[in-house]
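The structure appears below as structure tokens.
The values are calculated or read from the model by the stated rules, or taken from the named source; none is laboratory data. For clarity, every value in this text was computed on a predicted model and none was experimentally measured. Every residue, glycine as well, gets a Cβ built from its backbone with ideal geometry; the counts of neighbours run over all protein chains shown. Just the protein is used for accessible areas: all its heavy atoms, side chains included, with ligands, DNA and RNA removed. Shrake-Rupley method; radii C 1.70, N 1.55, O 1.52, S 1.80 Å.
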Amino acid sequence: MSKTYVPNREADQVIIFAGPCSVESTEQFDIVAEGLSKMGLSWIRGGAFKPRTSPYSFQGLGIEGVKIMEDAGKKHGLKTITEVVDTTHVVEVLEHVDGIQIGTRNMANFELLKVIGKATEDSHQPVLFKRGMAATIDEWLSAVEYITQYGNPNVMLCERGIRTFENVTRFTLDIAAVPVVHQRSMYPICVDVSHPAGQTALVGDLAKAAIAAGADALMIEVHPDPKTAKSDASQQLTLPQFEELLDELRQVASAIGKRIV
């Protein structure tokens, strides 16, 4: 696979990583991929391996889901990114997608981080590294070096909300993490606005705030029919809702001299 680079934070663009929480079927994922492609976006995301709090929750389709992503990405001209949760899957998953994500539960899984660093040292495939839900920014910036020490510079941090005493939202979005990360490191930063929101009504406002704060990318969950979703149904946007929000996000990005890609 050819190298795919995540633009650095000096670029005049905001990447949108949109797609369903979970890859559920070929049809479901293809519908979203077709919609995102028509909207002029570059990436699609989706979960194939789902680390869930309950062992009885939907755990994802595994490698089958990864291959569904690969096929949809090629068909609709989109780059693909998915989470890896086990060291034994890293190399195989990288053969099928353009980039990989490390989720909040694995921020401190240092053996996984080292395997990913080694597996991407030559290909320089993008790695999206989420903040642990109870991690400080210092801990996050320290942990990322388990990946970058092997020479892959294409790592983007991802703020996805932290766990606090507040329970009105699913998590507390630390919007200050965006300028702090820019001030204290050279890493670009993505903001996952779906997980801290926990409900579709809040996703749009958090997304606008993230762009205004200087985020280099956004992650937004989009599903053809959220009420039937096998995971995170309450926070996923429909394609029409997402398209309406995308128009608003383009206006916010334009106001600060950036463009949505």
Hey, got the dipole for the chain? About the Cα centre, +1 on K and R Cβ, -1 on D and E Cβ, debye to the nearest 20? 220 debye
Note on the chain: contact order normalised by length, alpha-carbon pairs under 8 Å, 6 or more apart, percent, works out to 21 percent
Gained length - GLU92 relative to MET39, 0.36 nm times residue gap less alpha-carbon distance: 16.1 nm
Cysteines without a disulfide-compatible partner in the chain, using Cβ under 4.7 Å as the rule? CYS21
Compute the Cα gyration tensor for segment 1-112, then decide on rounded, prolate or oblate, letting a ≥ b ≥ c be the square roots of its eigenvalues: rounded whenever a/c is under 1.5, prolate when a/b is larger than b/c in the other cases, and oblate in all that remain. oblate
In whole Å, how far is the Cα centre of segment 67-133 from that of segment 204-261? 22 Å
For ILE81, solvent-accessible area (1.4 Å; no DNA, RNA or ligand), Å²: 10 Å²
What is segment 70-213's relative contact order, in percent, from Cα pairs under 8 angstrom and six or more apart in sequence? 17 percent
What accessible area, in Å² to the nearest ten, does a 1.4 Å probe give for ASP232? 30 Å²
Solvent-accessible area per residue for the chain (1.4 angstrom probe, square angstrom): 42 Å²
Using label points projected 7 Å from each Cα along Cα→Cβ, tell me how many nm separate TYR56 and ASP225, to one decimal. 2.5 nm
Determine how large the accessible area of GLU95 is when every protein chain is in place; take a 1.4 Å probe and give Å² rounded to the nearest 10. 120 Å²
Given a 1.4 angstrom probe, I'd like the percentage of the accessible area of the chain that is carbon and sulfur, rounded to a whole number. 50 percent
By the gyration tensor of its Cα atoms, with a ≥ b ≥ c the square roots of the eigenvalues, what is the shape of segment 78-205: rounded for a/c under 1.5, prolate for a/b over b/c, or oblate? prolate
Quick one: ranking PHE49, PHE58, PHE17 by accessible area, 1.4 Å probe, largest first, what do you get? PHE58, PHE49, PHE17
